[in-house]
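Here the structure is laid out as structure tokens; the discussion comes afterwards.
The values are calculated or read from the model by the stated rules, or taken from the named source; none is laboratory data. Model, not experiment: these values are computed from the prediction. Heads up, the Cβs are rebuilt from the backbone with ideal geometry, glycines too, and the neighbour counts pull from every protein chain shown.
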Amino acid sequence: MKKQPTRWVLLATTLTLPVLLVVCAHRTLRENQGLRQGDELPKARLRTAEGFPVDTDSWRGTMTLLVLFNPVCKACEAEIRTLNTIAPQFPDLKIVLLSLDPAVAQADIPFPVLIDPSRALVKKARRLAVPALYWIGHDGKVQYARTGQRPPAEEALLFRKLQAKGD
């Protein structure tokens, strides 16, 4: 008779655990979906590694590529190299990197690196994977969003399409 409660506990645990995993996974995905196409870029006061303030409002009227990255991420390093290769083809495109590490101070990155002291923009834009790229149009809205890296030729073709769409 003493084995009966153990069976019920095991059965309840077996039935409950998958439900808990689904609920937790759904919450994690919802919290880390990032900005989506058509979303307005949130207003935020960022700062450069040197401490100078930068407001996201100042990007209105220009095409901006906002890249969330982690300084120790190999895919992020590869994406930055790709962007550095194709950036001369897009002189009107402002490329800005937003570090997930508030202590970042790397001098070897060829683009402005910004830090979000309040973490407000990082929380809204963060995705499960980095790098996360957001093409922000002249109107301040997200025109395109994705994660991961692309080969330079593919990235340049995509940027040309986005640039033509925004003109």
Need pairs with beta-carbon distance below 9 Å; first residue more than 13 Å from residue 64 (Cβ to Cβ) and buried (at least 22 other Cβ atoms within 10 Å of the Cβ) and within region 123-138, second among the small types (Gly, Ala, Ser) and at pLDDT 85 or above; sequence gap 6+ or separate chains.
131/75; 131/78; 131/148; 132/145; 132/148
Positions within region 129-167 being over 18 Å from residue 78 (Cβ atoms) and in a loop (DSSP other than H, G, I, E, B), in sequence order:
137, 138, 139, 140, 167
Is it fair to say residue 120 is surrounded by fewer than 19 Cβ atoms within 10 Å (Cβ to Cβ) and closer than 27 Å to residue 157 by Cβ?
no
Quick one: would you say residue 136 is under 18 Å from residue 57 (Cβ atoms) and touching a Leu at 6+ places or on another chain (Cβ under 7 Å)?
yes
Could you list all residues from region 74-118 that are modelled with pLDDT of 90 or more and among the β-branched types (Val, Ile, Thr)?
80, 82, 85, 86, 95, 96, 113, 115
Could you please tell me which pairs satisfy a Cβ distance under 9 Å, a separation of 6+ or placement on different chains, a first residue in region 50-79 that is in the same structural domain as residue 145 (by TED's automatic domain parsing) and β-branched (Val, Ile, Thr), and a second residue that is assigned to a strand (DSSP E or B) and modelled with pLDDT under 90?
54/48
Quick check on my filter: what residues within region 60-77 are within 15 Å of residue 143 (Cβ to Cβ) and out of contact with any Leu (no Cβ under 7 Å at 6 or more places or on another chain)?
60, 61, 62, 64
